[in-house]
């Protein structure tokens, strides 16, 4: 029973799209591609660990206290892009020492690269959201032109059903365009909000890394000074 209902619904949907003509099928293709890209971005965000924020927040607290080793241990199994900033900061501090200016530039470049990869595809969804109402309007205009052309061809024997039927089909493309645009716009807004939150977390992590490395360095110097003083 349920399968029959789903089949009927799909058939009705295809009939509506077919009634809208070529513009209807173009809009259907735009809707399908936007849905695929949205699903793909969700998978990418999930695999990138963008929602693993609790552990990241705890690790940042450790970094601000200068507990670098503990923070790295907490982030060991995390996939969030912010982990790359911590790894970069720790590696640079170990190999060439703490250099605030250069390290900050490197972390900024790394963050920009990560965000650019995460943003890929969202612009396409935005394009679908912006263009689908215009495509629907184009279909409406073409449908109205065709309806009035049929009226002109009919001459004095104009059938009102020709005009009403033409207008109905013409407005159908506008409706389909809006149906495509609304969820595409919602998807774009939501995906951008995830990017904005990720940007903020990357900035907070970068600041925490610099702060943590400074505190860790000061602690190490204090221990060395104490050892040297005791040796004297």
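The values are calculated or read from the model by the stated rules, or taken from the named source; none is laboratory data. Source: prediction; values computed, not measured. Cβ placement follows ideal geometry from the backbone for every residue including glycine, while neighbour counts extend to all protein chains displayed.
Numbers at a glance
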{"item": "Filter result for the condition that a residue is part of a loop (DSSP other than H, G, I, E, B), closer than 19 Å to residue 209 by Cβ and in contact with a helix residue (DSSP H, G or I) (Cβ under 8 Å, 6 or more places away or on another chain), over 66, 89", "result": "66"}
{"item": "Residues located in region 92-109, provided they are modelled with pLDDT of 85 or more and within 19 Å of residue 215 (Cα to Cα)", "result": "107"}
{"item": "Meets criteria (at pLDDT below 90, outside any helix (DSSP H, G or I), closer than 19 Å to residue 198 by Cα and touching a helix residue (DSSP H, G or I) at 6+ places or on another chain (Cβ under 9 Å)) for residue 78", "result": "yes"}
{"item": "Conditions (1) modelled with pLDDT under 95; (2) over 18 Å from residue 57 (Cβ atoms); (3) surrounded by 11 or more Cβ atoms within 10 Å (Cβ to Cβ): number failed by residue 207", "result": "(2)"}
{"item": "Residue match in region 38-50 (condition: within 30 Å of residue 143 (Cβ to Cβ) and under 24 Å from the mean Cα position of the chain (by Cα))", "result": "yes"}
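Matching residues to (1) part of a helix (DSSP H, G or I); (2) at pLDDT 95 or above; (3) touching a helix residue (DSSP H, G or I) at 6+ places or on another chain (Cβ under 8 Å):
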site	(1), (2), (3)
117	yes, no, no
140	yes, no, yes
149	yes, no, no
158	no, no, yes
161	yes, no, no
168	yes, no, no
187	yes, yes, yes
